[in-house]
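Some notes on the structure that comes next.
The values are calculated or read from the model by the stated rules, or taken from the named source; none is laboratory data. Model, not experiment: these values are computed from the prediction. Don't worry about glycine lacking a Cβ; one is built from the backbone with ideal geometry, like all the others, and counts go over all protein chains shown.
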Amino acid sequence: MHTATHTHGEPGFAGDDRVLPFEVDGLDVRGRAVQLGPMIDAILGRHDYPEPVARLLAEAIALTVLLGTSLKFEGRLIVQTKGDGPVDLLVVDFAAPGNLRAYARFDADRLAGAVAAGLTSPSELLGRGVLAFTIDQGEYMQRYQGIVEMNGDTLEAMAETYFRQSEQIPTLVRLAVAELIDRDSDGKPRHSWRAGGIVVQFLPQAPERMRQPDLPGGDAPEGVEDVFHDEDDSWAEAKALVSTVDPGELTDPEVGSERLLYRLFHQRGAKIYPPMAVADKCSCSRERLSEVLSGFSAEEIRDSVEDGAITVQCEFCSTAYRFDPSEFGA
């Protein structure tokens, strides 16, 4: 069990690609913060996505990392959007304790049209559809899936809706993506991606304090008028503090997660726990794909052959695997 450390004075840095769990006892909140550098740059660079798609996937990756590192078992968290917009699919697959892979699917012509028309907000790119959170605890445990409609202009708002509707936990999510352009030692332009985020959840010991103001037409039984609860003072204060976060603070390596948390919560006695590393690592393998192909019929194997071989490319990491059809009796 990790020992919490109080933030006294200016804290150090966890650095890139490390999630920092924290607690603020004075406000009954818990959360995690992260800055992603080499990991996010490797994933986005590998696919060379158009800029709006790269930004959207980077936000989804930051969100998944923040949530996935809270898993207390060797399972997976899969965050997926499926909609009717130009970017019809985002998939981020996090394998605890820290391996992640991700990809986006988009229609290039529709995307170009949306960009030309200035329709590049997350809701406009994703369209109408659903946001799904799937927790896979392994082959001997049942999968859990929570699904919400993609209501809201941002991925942050969509995620907050999920926590409100499916988990009944007051939650704040802030995500940011930065595209950096500088020059290498030879003076040539160099491009890199960064992303960051913070999730804060209100988890008081007394469950009745977690009640949030009811949505109009929402929770009340039929024939009973909606009752509007006052928001808990601690949660209201936490929300006010997090609302001061500038997107640049989430991605700027000179700020760092610890310094941001210190600025937000030092007066309330923030506790920071040891950072959790996350890495760009795909779970595909030649053996696994061979098992899949072994289940194909002879006709399906023949249809898969091109230039005398079967080539399978992983959608996540773009690794290409080449198989001899004779391996499968064809």
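From the list ALA62, ALA54, ALA58, which residue is over 15 Å from SER121 (Cα atoms) and either touching a residue at least 24 places away in the same chain (Cβ under 8 Å) or not in a helix (DSSP H, G or I) (or both)?
Checking each option against the conditions leaves just ALA62.
Return the residue satisfying two criteria in turn: it lies in the stretch 102-152 and is under 15 Å from GLU51 (Cβ atoms) and among the small types (Gly, Ala, Ser), and of such residues it is surrounded by the most Cβ atoms within 10 Å (Cβ to Cβ). Walk me through it before giving the result.
First, the residues of the stretch 102-152 that are under 15 Å from GLU51 (Cβ atoms): 104, 106, 108, 111-112, 114-116, 118-122, 124-125.
Among the residues that remain, those that are also among the small types (Gly, Ala, Ser) are: 104, 108, 112, 114, 116, 118, 121.
Details: ALA104: 23, ALA108: 10, ALA112: 12, ALA114: 21, ALA116: 8, GLY118: 8, SER121: 13.
Looking at residues that are under 15 Å from GLU51 (Cβ atoms) and among the small types (Gly, Ala, Ser), I get ALA104.
Do we find a residue being surrounded by 12 or more Cβ atoms within 10 Å (Cβ to Cβ), under 30 Å from PHE13 (Cβ atoms) and not acidic (Asp, Glu) anywhere in the stretch 308-323?
Yes - at least one qualifying residue is present in the stretch 308-323.
Give me the strands (runs of 3 or more DSSP E) completely within the stretch 136-202, filtered to those with at least 2 residues that are small (Gly, Ala, Ser), ordered by residue number. Break it down into steps so the answer makes sense when it comes.
Values: elements: 144-149, 171-183, 189-202.
By residue number, 171-183, 189-202.
In the same structural domain as VAL24 (by TED's automatic domain parsing) and more than 25 Å from VAL278 (Cα to Cα): which single residue out of ARG143, ARG128, ARG174, ARG194 fits that description? Walk me through it before giving the result.
Working: ARG143 fails: more than 25 Å from VAL278 (Cα to Cα); ARG174 fails: more than 25 Å from VAL278 (Cα to Cα); ARG194 fails: more than 25 Å from VAL278 (Cα to Cα).
Exactly one residue qualifies, and that residue is ARG128.
So which residues in the stretch 153-167 are surrounded by fewer than 17 Cβ atoms within 10 Å (Cβ to Cβ) and touching a helix residue (DSSP H, G or I) at 6+ places or on another chain (Cβ under 7 Å), if there are any at all?
If the condition is that a residue be surrounded by fewer than 17 Cβ atoms within 10 Å (Cβ to Cβ) and touching a helix residue (DSSP H, G or I) at 6+ places or on another chain (Cβ under 7 Å), then ASP153, THR154 are the ones that fit.
Regarding the stretch 280-302, can at least one residue be identified that is in a strand (DSSP E or B) and under 27 Å from LEU89 (Cα atoms)?
Yes: the stretch 280-302 contains one or more residues that are in a strand (DSSP E or B) and under 27 Å from LEU89 (Cα atoms).
Looking for whichever is at pLDDT 95 or above and either farther than 21 Å from VAL200 by Cα or part of a loop (DSSP other than H, G, I, E, B) (or both) here; the options are PRO11, PRO97, PRO21, PRO86. Which one fits?
PRO86
Scan the stretch 204-245 for residues that are part of a loop (DSSP other than H, G, I, E, B) and at pLDDT 90 or above and jot them down.
SER243, THR244, VAL245 - these are the residues of the stretch 204-245 that are part of a loop (DSSP other than H, G, I, E, B) and at pLDDT 90 or above.
Residues in the stretch 114-130: is at least one part of a strand (DSSP E or B) and modelled with pLDDT of 95 or more?
Checking the stretch 114-130: at least one residue is part of a strand (DSSP E or B) and modelled with pLDDT of 95 or more.
Pairs only if they're at least six apart or on different chains, beta carbon under 6 angstrom, first in the stretch 92-118 and in contact (Cβ under 8 Å) with a residue 12 or more places away in the chain and assigned by TED's automatic domain parsing to the domain that holds GLU74, second of a type in the set (Phe, Trp, Tyr) and in a strand (DSSP E or B); list them, first residue then second.
Qualifying pairs under 6 Å: LEU100/PHE94.
Output the residue which, of all residues in the stretch 268-326 that are touching an Asp or Glu at 6+ places or on another chain (Cβ under 9 Å) and of a type in the set (Ser, Thr, Tyr), is modelled with the highest pLDDT.
Only one residue tops the list, namely TYR273.
Which residues, taken from the stretch 78-87, are surrounded by 22 or more Cβ atoms within 10 Å (Cβ to Cβ) and either in contact with a Cys (Cβ under 6 Å, 6 or more places away or on another chain) or among the aliphatic types (A, V, I, L, M) (or both)?
VAL79, VAL87 - these are the residues of the stretch 78-87 that are surrounded by 22 or more Cβ atoms within 10 Å (Cβ to Cβ) and either in contact with a Cys (Cβ under 6 Å, 6 or more places away or on another chain) or among the aliphatic types (A, V, I, L, M) (or both).
Is the stretch 49-69 home to any residue that is surrounded by fewer than 19 Cβ atoms within 10 Å (Cβ to Cβ) and either at pLDDT below 90 or more than 23 Å from PRO247 (Cα to Cα) (or both)?
If we filter the stretch 49-69 for residues that are surrounded by fewer than 19 Cβ atoms within 10 Å (Cβ to Cβ), which is where we start, we get 50-51.
The next check asks that each one be either at pLDDT below 90 or more than 23 Å from PRO247 (Cα to Cα) (or both); those that pass are none.
No, there is no match, as no residue in the stretch 49-69 is surrounded by fewer than 19 Cβ atoms within 10 Å (Cβ to Cβ) and either at pLDDT below 90 or more than 23 Å from PRO247 (Cα to Cα) (or both).
So in the stretch 303-330, with the set limited to residues that are in a strand (DSSP E or B) and without any contact (Cβ under 8 Å) to a residue 24 or more places away in the chain, which one is farthest from LYS281 (Cα to Cα)? Break it down into steps so the answer makes sense when it comes.
Of the residues in the stretch 303-330, the ones in a strand (DSSP E or B) are 306, 309-313, 320-323.
Subsequent filtering for residues that are without any contact (Cβ under 8 Å) to a residue 24 or more places away in the chain retains 306, 309-313, 320, 322.
Working: GLU306: 29, ALA309: 27, ILE310: 24, THR311: 21, VAL312: 18, GLN313: 16, ALA320: 15, ARG322: 20 Å.
Among those residues, the one meeting the criterion is GLU306.
List pairs: first residue in the stretch 261-280 and without any contact (Cβ under 8 Å) to a residue 24 or more places away in the chain, second residue surrounded by fewer than 20 Cβ atoms within 10 Å (Cβ to Cβ) and among the hydrophobic types (A, V, I, L, M, F, W, C) anywhere in the structure, Cβ distance under 7 angstrom, at least six positions apart or on different chains.
Close Cβ pairs (under 7 Å, with a partner that is surrounded by fewer than 20 Cβ atoms within 10 Å (Cβ to Cβ) and among the hydrophobic types (A, V, I, L, M, F, W, C)) amount to LEU264/LEU241; LEU264/VAL242.
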